[in-house]
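Okay, structure first, notes after.
The values are calculated or read from the model by the stated rules, or taken from the named source; none is laboratory data. All figures in this text were calculated on a predicted structure; none of them were measured in a lab. Using ideal geometry, Cβ is built from the backbone for each residue, glycine included, and neighbour counts are taken over all protein chains shown. The area values use the complete protein model at the heavy-atom level, side chains included, leaving out ligands, DNA and RNA. Shrake-Rupley method; radii C 1.70, N 1.55, O 1.52, S 1.80 Å.
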Amino acid sequence: MNEASSSQSEDGYVPNAKEAADLVTKFAEVTGTDTACAQFYLQDRDWDLQRSLDAYFGAKKSGGVHVLTDGDEPQIVFNINKDVASKLAEAEDVAKFLETATTKPPSEFRMISWNIDGLDDRNLKMRTKSVVKILQSQRPDIVFLQEVIPKTLDYLENNLPEYKFIAGDEDGYFTVTMLNMFTIHYDSHDVISFPQTTMGRNLLKVEAHMGPLKLKLLNTHMESTGEFADERMNQLNISFREITGTDKSVNVIMGGDLNMRDKELANVGGLPDRTYDVWEACGSRKECQWTWDTMRNTNKEFPGQFKPRCRFDRIFLRPATSTSAVPKFFGLIGLQKISGYQCFPSDHWGLLADFDAK
């Protein structure tokens, strides 16, 4: 058969190269997926475009799990909606299946921590959409968000159905921890109050695991501005007690917008025993030092020549003594302005950290 012809084989209809390319392009445009997904659905349905579209949207509407076997190793492909994702997270049998679905135990995970500036109404909808796109592209397993408000939480939940959302509050602005339900298994959570806060701040504690890797996740947004340094140090002490009081078989990750100055960390006695700063552990790269940087980020205007640069956002790790998290990369996200807008997704850069599970 030459390239210009189509044929009917034992396996069904086989289009020529141009027809196949046209069908793949149409499928991808209609569904908003990529060519690999398009080829999978079309090849499985004898290149019938309407049948393939019906199958895709049917699976997306009701939830579907497929095993793709046309590569070197089988891959599990999920098409889910929000309701199905929530049910999967609650189903113990499915959770066990998901933990053993790969051919080898989980060996790494990705985390993002980001103050998404929900208190600024300017371009809020487009900025939140940009945050969602970045999370979709980075595919983190764990996400710490700060300055989330109810309407941005609704948008995040509706557009990221594969995540379990745990909020530190319901009103005003608050922290949210997100767990990828196909890689991280949720166990429990609690909200620890900061008794003397004047800004509604707290510590959101989530306990979870990834296979044998046990996790305690501490997400916080501490008191802002220099004049509240004493309260911020009180909040640091409360958070550090959570770290030191945790069994050594559990990996503790603490992060968020700490609003912290280095001298304040020194004043509380430094980091707890066996706990370290992930930015420092990954080489203290200067290009990743400033997370609230008004010299590069123009979302907040400061008159005059002085443009503050601070490392307010941090991630700390106290690894476990058994199966432990080991940081291997630290970087920043949200560094590009939104296309068509003269603003960034947030006035803070987001933190991205990759870990091995040893």
Legend entry - Point-to-point label distance, Thr25-Ala266, nm (Cα→Cβ direction, 7 Å offset): 6.3
Legend entry - Amide N proximity, region 249-264 versus Asp190 label position 7 Å along Cα-to-Cβ, cut-off under 19 Å: 249-255
Legend entry - Cross-link pairs Lys216/Lys337; Lys125/Lys164; Lys286/Lys307; Lys133/Lys248 - those with Cα-Cα distance over 29 Å: Lys216/Lys337; Lys133/Lys248
Inset, instruction - Once you have the Cα-Cα distance between Asp44 and Lys129, take 0.36 nm times their residue separation minus that, and quote the gain in nm to one decimal. - result: 27.3 nm
Legend entry - 12 Å beta-carbon shell around Asn251, net charge (K/R +1, D/E -1): +3
Inset, instruction - Among DSSP beta bridges whose residues both lie in region 215-342, state the antiparallel percentage, nearest 5. - result: 60
Inset, instruction - Indicate the gyration tensor shape class of region 276-358 (rounded, prolate or oblate), computed on the Cα atoms with a ≥ b ≥ c the square roots of the eigenvalues: a/c under 1.5 is rounded; otherwise a/b larger than b/c is prolate and the rest oblate. - result: prolate
Inset, instruction - Using per-residue counts of other Cβ atoms within 10 Å, averaged over each peptide, order 283-295, 207-219 from highest down. - result: 207-219, 283-295
Legend entry - Other-chain or far-sequence residues with amide H under 5 Å of Lys328's (modelled H): Asp354, Phe355, Asp356
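With every protein chain left in place, what is the accessible area per residue of region 241-358 in square angstrom, probe 1.4 Å?
Details: 5480 Å² over 118 residues.
Accessible area per residue: 46 Å².
Of the listed peptides 228-235, 16-23, 240-247, what is their order by residue-averaged count of other C-beta atoms within 10 Å, with the highest listed first?
Descending packing order for the listed peptides: 228-235, 240-247, 16-23.
So what's the net charge close to Pro140: Lys and Arg +1, Asp and Glu -1, counting the other residues with Cβ under 14 Å from its Cβ?
Net of charged neighbours comes to 0.
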Inset, instruction - Give the peptides 159-166, 249-256 in descending order of average Cβ contacts within 10 Å, highest first. - result: 249-256, 159-166
Inset, instruction - Against the globular-protein guess of 2.2 N^0.38 Å, express the Cα radius of gyration of region 189-304 as a ratio, rounded to two decimals. - result: 1.17
Legend entry - Cα centroid of region 310-337 to Cα centroid of region 127-188, whole Å: 18
Inset, instruction - For an R0 of 35 angstrom, estimate the FRET efficiency from the Cβ-Cβ distance between Phe57 and Lys337 and round to the nearest 0.05. - result: 0.55
Inset, instruction - State, to one decimal in nm, how far the label point of Lys328 lies from the label point of Lys300, with both points 7 Å from Cα in the Cβ direction. - result: 3.5
Legend entry - 5 angstrom amide H check on Asp257, placed H, neighbours 5+ away: Thr220, Met222
Legend entry - From phi via Karplus (6.51, -1.76, 1.60), per-residue ³J(HN,Hα) for region 18-27 in Hz, x at Gly/Pro: 5, 4, 4, 5, 5, 5, 4, 4, 4, 4
Inset, instruction - Provide the per-residue ³J(HN,Hα) series for region 37-44, in order, calculated from phi with Karplus coefficients 6.51, -1.76, 1.60 and θ = phi - 60°, each as a whole number of Hz, with x at glycine and proline positions. - result: 5, 4, 4, 4, 5, 5, 5, 6
Legend entry - Net lengthening on full extension, Asp356/Asp154 (0.36 nm per residue, minus Cα-Cα): 69.5 nm
Inset, instruction - Work out from phi, with θ = phi - 60° and the Karplus expression 6.51 cos²θ - 1.76 cosθ + 1.60, the ³J(HN,Hα) of each residue of region 332-344, listed in order in whole Hz, and give x for Gly and Pro. - result: 10, 10, x, 8, 10, 5, 5, 4, x, 10, 9, 8, 9
